[in-house]
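Enquirer: Have a look at the structure that comes next, please.
What follows draws every value from the coordinates through simple rules; no lab data is involved. Predicted model, so just to flag it, every value in this text is computed and none were measured. Cβ sites come from the backbone with ideal geometry, for glycine too, and all protein chains shown count toward neighbours.
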Amino acid sequence: MFGVVFGYATHHLDERRLGDVAVVGPLTPGVEWGRLWQMARHCGRPTAGETELAQWVLTQATRAFVCGSDRIAHFQEQGWKLEPGGKCVRFNSTYANRDQLWTGNMAIDGLAPDQISERHTLYPA
């Protein structure tokens with residue numbers, strides 16, 4: 001797992017910026033979004049359901065973002081997109097200031113290949 005880069009973004013469902021959605025996905029070529037769910041199953045509780053697994057993914061992304069380090073690449077001005085075919089989980093109540101988690105394969109406009117390296121891994125193994 002070490003060396004895989006994940007992106008973490010926020011999407012707002014309307015102009016009021018309410019209904020925040022966490023968006024997490026791999027940026028490393030050849031790594032599919034299902035890897036997030038495999039990690040959650042492996043590292044989370046063995047009997048965890050889909051919502052708890054989604055909370056695990058969001059917790060790891062939030063922890064990496066808040067704690068910061070040389071393992072996080074911040075992209076303030078660049079746009080991102082989530083490829084079709086991912087997974088969406090709605091939380092029963094707001095979790096980590098988010099109402100939903102969307103996972104899928106991500107792309108960030110203008111991302112250079114050297115920005116997807118071990119140095120910028122969002123979740124180190």
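Enquirer: Taking the highest mean first, how do the peptides 42-49, 97-104 order by number of other beta carbon atoms within 10 angstrom per residue?
Expert: So the order, starting with the most tightly packed, is 97-104, 42-49.
Enquirer: Pop out the ³J(HN,Hα) list for segment 36-44 in order, Karplus 6.51 cos²θ - 1.76 cosθ + 1.60 with θ = phi - 60°, rounded to Hz; leave Gly and Pro as x.
Expert: Once rounded to whole Hz, the list reads 4, 6, 5, 4, 4, 5, 6, 9, x.
Enquirer: Which residues' amide hydrogens lie under 5 Å from the amide hydrogen of Gly7, considering only partners 5 or more residues apart or on another chain, with H built in the peptide plane?
Expert: When sequence neighbours closer than 5 places are left aside, the close amide H contacts are Gly25, Leu27.
Enquirer: Next question. Say each of Leu18 and Arg45 gets a label point 7 Å from the Cα, pointing the same way as Cα to Cβ; how far apart are those two points in nm?
Expert: 3.1 nm
Enquirer: Between Ser93 and Val66, what is the spin-label point distance in nm, taking each point 7 Å from the Cα along the Cα→C-beta axis?
Expert: Label-label distance for Ser93 and Val66, simple model: 1.7 nm.
Enquirer: Let me ask something additional. Once each part is reduced to its C-alpha centroid, what is the distance from segment 15-36 to segment 39-60 in angstrom?
Expert: 15 Å
Enquirer: Here's a follow-up. Per residue of segment 57-62, in order, report the coupling 6.51 cos²θ - 1.76 cosθ + 1.60 (Karplus, θ = phi - 60°) as ³J(HN,Hα) in whole Hz, putting x for Gly and Pro.
Expert: Once rounded to whole Hz, the list reads 4, 5, 4, 5, 5, 5.
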